[in-house]
Amino acid sequence: MKQLPKLAFALMLVFFASINSEARKYVRHHDLELKGGINFENLHGEGFATSYNVGGHAGISAGVRDRFLGLQGELLVSTAKYEAVNPGSSNTVFSVKNTYLNVPLLVEARIYSNLWLQVGPQYTFLLNSKYESGGKTDFFTPGAFSGVIGAQLFLPYNLACGARYVFGLSDWNVHSNSYSNLSWKERSMQLFIAFRLK
């Protein structure tokens, strides 16, 4: 299971390379982007604070587009902070810092001019999980599926910007099927900027 993030990384690099080499033959536009931005992260479920904490993300994406439709794949390393609280109160018991590898595959539809709607699935690998005070946690699953919806705007000078919402489809609580009925699902709002490589 620990090798899955490396395998996903390798497969996506092959995907990016094939898009870059073959896209010129079949589509009007293709690009490779370096991108980064901020996240507002939350674990939706009992035991964690309902507030959103700021994290970050950075990585690469590759896309192919015709006049009205496109496809974009990404590899993003992201960070998140969650605050565990006592049930029925807002008192923080401890904080957790997680590092993820996000692999979204997004279908795109042109809304207007250079504005594109993006929607699709995302699989997220847990790379690292630690208490803020130190020491590794043991209560997160190795990975989970999410849904993504957002928009990207292409700008002059090979720049792009966008926003998206990520909503969890599967449970991050490794114990939810044993002695606990608690379900934790990701909620994330993201803002990003990208530089397109020609």
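Only the coordinates and a few stated rules stand behind these numbers; no lab work does. All figures in this text were calculated on a predicted structure; none of them were measured in a lab.
Specify the inter-centroid distance of region 60-83 and region 85-154, based on alpha-carbon positions, in whole Å.
12 Å
Could you give the length gained on full extension between A151 and L197, defined as 0.36 nm per residue of separation minus the Cα-Cα distance, in nm? Each step should come with its number before you reach the end.
On the way: separation 46, 0.36 × 46 = 16.56 nm, distance 1.96 nm.
Extra length available between A151 and L197 comes to 14.6 nm.
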